[in-house]
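The values are calculated or read from the model by the stated rules, or taken from the named source; none is laboratory data. What you see is a predicted model, and the numbers here were worked out from it, not measured in a lab. For neighbour counting, all protein chains shown are included, and Cβ atoms are generated from backbone atoms with ideal geometry for every residue, glycine included. Remember, those area values only see protein heavy atoms, side chains included, never the ligands or the DNA or RNA. Shrake-Rupley method; radii C 1.70, N 1.55, O 1.52, S 1.80 Å.
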Amino acid sequence: TYPVFTRVAEEAGRIYVDLCNETWEVVEITRDGWRVIANPPVKFRRARGMLSLPRPVGGGKLDDLRPFVNVNDDTDWILLVAWLMAALRPTGPYPVLVLQGEQGSAKSTTARTLKALVGPFAAPLRTIPREERDLMIAANNSWVVVFDNLSGLPLWLSDALCRLATGGGFSTRELYTDAEEVLFDAMRPVILNGIDALAERHDLVDRAIILNLPRIPDERRRDEENFWREFEQARPRILG
């Protein structure tokens, strides 16, 4: 039997990123660089809703991403890039990225941009889950889990996000049975955003990168259609 991976995998010191395109192409990453291949030595599972990544293009640089995210200064930029690099690791633990700021600070747009670079999904931003089962199902089907426009975190969700970031299982009774269990075990990169302070419990603070985004003045705002068109043009170079 072969292990089956979602989006990112590692084998023999090489990292593989599934582009999720129709030809089943994968990016193979080594210490010396990367290349796109068609027959990787690992197997990937594709859940409903997963979207394709663009075929990466060489010659770009990380600074090409900076016009599409809203950060305070160079320190916050370095922290954001650190989260992005961690999200391309096949195994965790992963830091939880917390984007905080007042209305008009592009929290949701920044979260969508980051997700589009490592784990695009048909529903990029999610509302708060009703229970831990819903959280683990979302993590099982998506590489990067993003919860949008939160107003605080219930205690159970804060604890569950800690387990999702550093590893921990969840079990529940299998439907239509009396004694069988369904087990979910996943580690995933997570993004939270909201106006209020979201990471208040110490265990979540210890696992979080917390960025306070500045409000964008009206004169610096960009048309949304043009923003996403320019990002799509830059995305292959940024990914490369």
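Of the set (1) touching a residue at least 40 places away in the same chain (Cβ under 8 Å); (2) under 19 Å from Met50 (Cα atoms); (3) in contact with a strand residue (DSSP E or B) (Cβ under 9 Å, 6 or more places away or on another chain), all apply to Leu135 but (1).
Could you pull out the residue among Thr91, Thr75 that is of a type in the set (Val, Ile, Thr), in a loop (DSSP other than H, G, I, E, B), more than 16 Å from Ile216 (Cβ to Cβ) and open to solvent by 20 Å² or more (accessible area, probe 1.4 Å)?
Thr91
For segment 123-136, which positions are surrounded by fewer than 20 Cβ atoms within 10 Å (Cβ to Cβ) and under 13 Å from the mean Cα position of the chain (by Cα)? Across segment 123-136, the qualifying residues are Ala123, Leu125, Arg126.
None of Leu157, Leu153 is over 12 Å from the mean Cα position of the chain (by Cα), assigned to a helix (DSSP H, G or I) and within 21 Å of Gly194 (Cα to Cα) except Leu157. The condition of being free of Cβ contacts under 8 Å to residues at least 12 places away in the same chain, among the charged types (D, E, K, R) and more than 20 Å from Arg66 (Cα to Cα) holds for only one of Asp206, Asp218, Asp223, that being Asp206. For Lys61, state whether it is within 30 Å of Leu213 (Cβ to Cβ), basic (Lys, Arg) and at pLDDT below 95. Yes. Residues considered: Arg201, Arg222. Of these, the only one that is of a type outside the set (S, T, N, Q) and open to solvent by less than 100 Å² (accessible area, probe 1.4 Å) is Arg201. Scan segment 32-60 for residues that are open to solvent by 50 Å² or more (accessible area, probe 1.4 Å) and either free of Cβ contacts under 8 Å to residues at least 12 places away in the same chain or hydrophobic (A, V, I, L, M, F, W, C) (or both) and report the count. Residues in segment 32-60 being open to solvent by 50 Å² or more (accessible area, probe 1.4 Å) and either free of Cβ contacts under 8 Å to residues at least 12 places away in the same chain or hydrophobic (A, V, I, L, M, F, W, C) (or both): 7 in total. Entry remark, segment 106-122: residues being closer than 11 Å to Val69 by Cβ and open to solvent by less than 50 Å² (accessible area, probe 1.4 Å) number 8 in total.
Looking across segment 182-198 at every residue that is touching a residue at least 60 places away in the same chain (Cβ under 8 Å) and under 27 Å from Thr6 (Cα atoms), the one that is surrounded by the fewest Cβ atoms within 10 Å (Cβ to Cβ) is identified as Met187. Step by step: first the residues of segment 1-31, then only those that are open to solvent by less than 30 Å² (accessible area, probe 1.4 Å) and in a strand (DSSP E or B), then the one that is farthest from Gly60 (Cα to Cα). Which residue is that? Top of the filtered list is Ala9.
Yes/no matrix, rows are residues, columns are (1) at pLDDT 95 or above; (2) surrounded by fewer than 18 Cβ atoms within 10 Å (Cβ to Cβ); (3) not polar (S, T, N, Q):
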site: Arg66; (1), (2), (3): yes, yes, yes
site: Leu80; (1), (2), (3): yes, no, yes
site: Val98; (1), (2), (3): yes, no, yes
site: Gly101; (1), (2), (3): no, no, yes
